[in-house]
1. Evaluate the following for ASP167: is it charged (D, E, K, R), modelled with pLDDT of 90 or more and not in a loop (DSSP other than H, G, I, E, B)?
2. Are there any pairs, at least 6 apart or on different chains, whose C-beta atoms fall under 8 Å, with the first in segment 13-34 and touching a residue at least 40 places away in the same chain (Cβ under 8 Å) and assigned to a helix (DSSP H, G or I) and the second open to solvent by less than 20 Å² (accessible area, probe 1.4 Å) and polar (S, T, N, Q), and if so, which?
3. Kindly check whether there is at least one residue in segment 98-108 that is within 16 Å of the ligand (Cβ to nearest atom), within 24 Å of GLY189 (Cβ to Cβ) and open to solvent by 10 Å² or more (accessible area, probe 1.4 Å).
4. Inspect segment 32-45 for any residue being away from the ligand (no atom under 16 Å from the Cβ), among the hydrophobic types (A, V, I, L, M, F, W, C), surrounded by 23 or more Cβ atoms within 10 Å (Cβ to Cβ) and over 20 Å from GLY189 (Cα atoms) and give the result as yes or no.
5. Across segment 132-158, what is the total count of residues that are closer than 22 Å to GLN112 by Cβ, open to solvent by 10 Å² or more (accessible area, probe 1.4 Å) and not β-branched (Val, Ile, Thr)?
6. For segment 152-192, which residues satisfy the criterion of being under 20 Å from ILE83 (Cβ atoms), in contact with a Phe, Trp or Tyr (Cβ under 9 Å, 6 or more places away or on another chain) and within 16 Å of the ligand (Cβ to nearest atom)?
Amino acid sequence: MLRPYNVFNHMKIGVLALQGAFAEHIVMLSKLGVETAEVRLPAQLDDLDGLIIPGGESTTMGKLMVDFDLLEPIREFGLNHAIWGTCAGAILLSKDAHREQPLLSLMNITVQRNAFGRQKDSFEAALDVSRLYQDGDTREAFHAFFIRAPIIDSVSGNAKALISLPDGRIVAAEDGHLLATSFHPELTGDTRFHEYFLSLV
Ligand code: GLN
């Protein structure tokens, strides 16, 4: 459930900074008064309360995670810490992306990469985010950017769909303290998904 800002200022959140849109996440977290760290080395996970894996290119980011010896340490971190993957980050959190590539396999979700087509097919959508709140009230829509975005094509185990498009396709899911979004909340200036993630920390 969304909480007041002042509960966030004792947290330290890392953003995986190997590739992609990590700087934008740091700006959003800073807006919320959260201490941040760019993560490129396993030891930089040690004092973190949570981690964001940004959008970018999941194959490239996965290979870099292997090269930087980060895949196993992040997997272990995710067993008892909150991790949020946006777009390519959601792909990396999934159990299966229907092709060979390094994955963290932490969340009980599978994804279909580039499910909406190529770069030119990127689009914006107003999402119903009432489920981020516990009171059941309808809230202002969240303006979301989908950039060569994946679809979450199945959820299993304890994972559950959080946000769907009007046609039912799942674009956000959570599995305990793990969160995946197909879209890019760090590009909007709307901090509600960042606040929601911090509530999982
Ligand atoms: N299409 C990219 C991939 O498959 C993800 C795009 C993004 O993160 N905006 O990894």
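1. No: the conditions fail for ASP167.
2. HIS25/THR86; MET28/THR191; LYS31/THR191
3. no
4. yes
5. 7
6. Selection gives VAL171, ALA172, LEU179, ALA180, THR181, SER182, PHE183, HIS184, PRO185, GLU186, LEU187.
Residue-wise test of (1) aliphatic (A, V, I, L, M); (2) within 30 Å of GLN119 (Cα to Cα).
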site	(1), (2)
LYS12	no, no
GLY20	no, yes
ALA23	yes, yes
VAL39	yes, yes
PRO42	no, no
GLY56	no, yes
VAL66	yes, yes
TRP84	no, yes
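Yes/no per residue for (1) at pLDDT 95 or above; (2) touching a helix residue (DSSP H, G or I) at 6+ places or on another chain (Cβ under 7 Å); (3) of a type in the set (D, E, K, R):
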| residue | (1), (2), (3) |
| --- | --- |
| VAL7 | no, no, no |
| ALA17 | yes, no, no |
| GLU57 | yes, yes, yes |
| PHE68 | yes, no, no |
| LEU79 | yes, no, no |
| TRP84 | yes, yes, no |
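The values are calculated or read from the model by the stated rules, or taken from the named source; none is laboratory data. Computed from a predicted model, the values in this text were never measured in an experiment. Neighbour counts are summed over all protein chains in view; Cβ atoms, including those assigned to glycine, are modelled from backbone coordinates with ideal geometry. Note: accessible area is taken over every heavy atom of the protein model, side chains too, but ligands, DNA and RNA are not part of it. Shrake-Rupley method; radii C 1.70, N 1.55, O 1.52, S 1.80 Å.
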